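Data block below; observations after.
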Amino acid sequence: MNTFYHSTRGNSETVTSKQAILTGIAPDGGLFVSDQLGDAKLDLAQVASQTYHETAAQVLSALLDDYQKDEIESCVAGAYGDNFDTSAVTPVSALGDDWLLELYHGPTCAFKDVALQMLPRLMSCARKGDGRNVMIVTATSGDTGKAALAGFTGIEGCGVTVFYPDGKVSDIQRLQMATQEGSNVAVCAIRGTFDDAQTEVKRIFANQELAQRLAERGTMLSSANSINVGRLVPQVTYYFDAYAQLVRNGSLSVGDAVDFCVPTGNFGDVLAGYYAKRLGLPVGKLIVASNTNKVLTDFLETGTYDRRRDFVKTISPSMDILVSSNLERMLYYLTDGDCERVSSFMRDLAEKGFYTLPGALLAKLRETFDCGFATDDETRATIRSAWKQHHVLIDPHTAVAKTVLDRKERGGNQRVCLSTASPYKFSADVLSALGASVDGLGGFACMDELQRLTGIAAPTQLSTLRSKDVLHKDVVDRDQMPDFVESSCKRVFA
């Protein structure tokens with residue numbers, strides 16, 4: 001079977017998965033999708049008996065089938081080795097009557113590592129038939145940036161430029177990026193929100209004059225955001241592996257349905273669950289958990305996606321997003337591949353600030369997806385109760401999901417809450433939620449106090465940040481981002 005990809009906004013031009021991964025975003029601004037999604041199914045009984053690495057190889061082979069078997073095996077071995085602090089990669093643990101899928105055991109302590117330790121290897125394989133240098137340009141709401149930097153640093157022929165919203169990430173997230181070493185990396189804060197950064201990055205990809213100037217220097221741009229299909233596909237694996245773990249511990253029989261609750265802003269993490277369902281995983285409901293920036297909750301309840309609202313800075317900053325880019329892929333599959341309809345929705349969102357699904361499409365969407373949101377106060381209460389009742393320490397994003405999940409009526413399915421980051425990435429907010437005063441305490445003082453209070457050690461890659469030099473101090477306005485990218489390309493590929 002040959003799997004080809006094309007834009008969500010037009011299917012006249014198709015590319016291989018390698019070409020899609022190298023390009024990142026389609027030339028017309030759409031996202032790459034495949035009409036073969038779901039043609040190949042994974043054998044659940046086999047998945048239940050194999051390792052994370054074996055399942056990852058099967059998922060990649062099913063969705064990126066122009067990669068050779070030895071290429072995939074090499075990518076998997078390199079992505080999930082001793083850079084993760086557990087051989088399980090993404091272990092499942094109990095939290096009351098539900099389960100946590102721990103996605104923070106990689107080098108940057110966030111779920112993005114699962115994909116961003118894989119994407120550079122997939123891109124390196126794809127480059128062998130291309131020859132151009134690749135500059136990764138990505139916007140981050142906190143976690144993608146450091147995970148991209150960690151994944152691409154030192155990769156031959158690749159550079160990485162990261163933009164993050166100034167003052168709207170946690171202190172630890174900022175230091176993770178600002179202290180990044182490497183001759184092929186660039187980090188820059190922007191005056192604005194994540195949505196500002198993400199929108200401008202998309203415009204940079206569509207800037208043909210910039211593309212031409214870079215092409216003359218043998219350089220192309222690509223993305224490490226989940227708009228890149230090479231970011232999305234590796235995340236499918238941990239849904240299958242979570243299921244396998246529950247089968248092995250006796251909580252499930254093969255074929256039983258499972259509900260997943262996912263804290264998400266950009267819709268990529270939960271979309272990977274939808275992909276898993278299309279590949280044969282018995283998913284009951286995918287519950288979309290939002291913070292006070294509840295644009296996705298409102299959309300799933302009303303059918304209207306409306307970005308015309310105030311941006312709220314919350315204690316779960318990686319979800320402080322008003323334009324959920326990956327939702328465009330879901331719209332494509334929801335409309336049975338109607339590119340004109342998807343283009344119309346996206347045009348309305350850009351020009352009017354909103355679009356509305358017909359009732360039949362909303363009903364179809366809600367067959368798989370449920371939703372809810374949590375305020376900061378509710379999030380804090382869940383962090384506190386998880387610790388006091390179960391002695392489990394969770395970060396604010398995980399707590400958003402657990403808050404939403406706890407409100408849902410319990411049916412007969414096992415329920416898995418995706419735990420997306422180490423609580424020590426948000427030490428001040430977690431410590432405050434536990435009732436301790438953080439007045440006058442810096443990020444590392446909060447980290448030390450949280451360790452003392454709980455007896456749980458902070459990951460060394462976070463605790464050692466205090467001794468590292470800040471190497472990246474640039475702050476620019478949104479309209480200066482293209483110039484920063486071009487200068488980064490000249491420096492990295494001089």
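The values are calculated or read from the model by the stated rules, or taken from the named source; none is laboratory data. What you are looking at is a predicted structure, and each value in this text was computed from that prediction instead of being measured. Counting neighbours? That spans all protein chains shown, and the Cβs are built from the backbone with ideal geometry, glycine included. Please note that ligands, DNA and RNA were not included when accessible areas were found on the heavy atoms of the full protein model with its side chains. Shrake-Rupley method; radii C 1.70, N 1.55, O 1.52, S 1.80 Å.
General remarks:
- Straight-line cross-link partners of residue 18 among the aspartates and glutamates, defined as a Cα under 14 Å from its Cα and at least 8 positions apart when in the same chain: 65, 66, 71, 130.
- Take the Kirkwood radius over Cα pairs of the range 312-458, plug it into Stokes-Einstein at 20 °C and 1.002 mPa s, and you get 120 µm²/s for translational diffusion.
- Scanning the chain for long hydrophobic helices, with DSSP H runs required to stretch 24 angstrom or more by C-alpha along their axis and to average at least 0.0 on the Kyte-Doolittle scale, returns 229-248.
- Equivalent-ellipsoid semi-axes for the range 98-149 (Cα gyration tensor, √(5λ), whole Å, largest first): 26, 13, 7.
- Carbon and sulfur %, accessible surface of the chain computed with the full protein complex present, 1.4 Å: 45
- With eigenvalues of the C-alpha gyration tensor scaled by 5 and rooted, the range 103-196, Å: 23, 15, 11
- Each peptide among 27-38, 380-391, 216-227 gets the average number of other Cβ atoms lying within 10 Å of its residues, and from highest to lowest they stand as 216-227, 27-38, 380-391.
- Each listed q (0.21, 0.25 Å⁻¹) maps to a log10 I(q)/I(0) for the range 383-478, found by the Debye formula over equal Cα scatterers with no solvent: -1.06, -1.31.
- Modelled label positions at residue 367 and residue 352, each set 7 Å beyond Cα in the direction of Cβ, lie 2.6 nm from each other.
- Most simply put, the chain has about 25% antiparallel DSSP beta bridges, counting only bridges with both residues inside it.
- Ellipsoid semi-axes for the chain, based on the Cα gyration tensor and the rule √(5λ), read 30, 28, 23 Å when sorted largest first.
- Calculated FRET efficiency for the pair residue 2/residue 445, C-beta based, R₀ 41 Å, to 0.05: 0.15
- The chain, accessible area per residue, ligands and nucleic acids excluded (1.4 Å, Å²): 36
- Using alpha carbons only, the radius of gyration of the range 1-92 set against its Kirkwood radius gives Rg/Rh = 1.03.
- With the highest mean first, a sort of the peptides 255-264, 367-376 on other beta-carbon atoms found within 10 angstrom per residue produces 255-264, 367-376.
- Cut-off 14 Å between beta-carbons: net charge of the residues surrounding residue 216, Lys and Arg +1, Asp and Glu -1: +2
- Charged neighbours of residue 192, selected by a Cβ distance under 15 Å, balance to -2 (K, R count +1; D, E count -1).
- Think of it as helices only: each DSSP H run of n ≥ 4 in the chain is worth -39500 (n - 2.57), and spread over all residues that comes to -13000 deg cm²/dmol at 222 nm.
- Proximal lysines to residue 285, defined as alpha-carbon separation beneath 26 angstrom and excluding residues fewer than eight positions away on the same chain: 41, 112, 277, 294, 364, 402, 408
- Principal axis extents of the C-alpha atoms in the range 245-343 (largest first, rounded to whole Å): 46, 38, 20.
- At q = 0.12, 0.18, 0.24 Å⁻¹, base-10 log of I(q)/I(0) for the range 190-304 (Debye sum, equal scatterers on each alpha carbon): -0.62, -1.01, -1.32
- Using the average count of surrounding beta-carbon atoms within 10 Å as a protection proxy, the listed peptides 356-363, 341-348, 121-128 rank, highest first, as 121-128, 341-348, 356-363.
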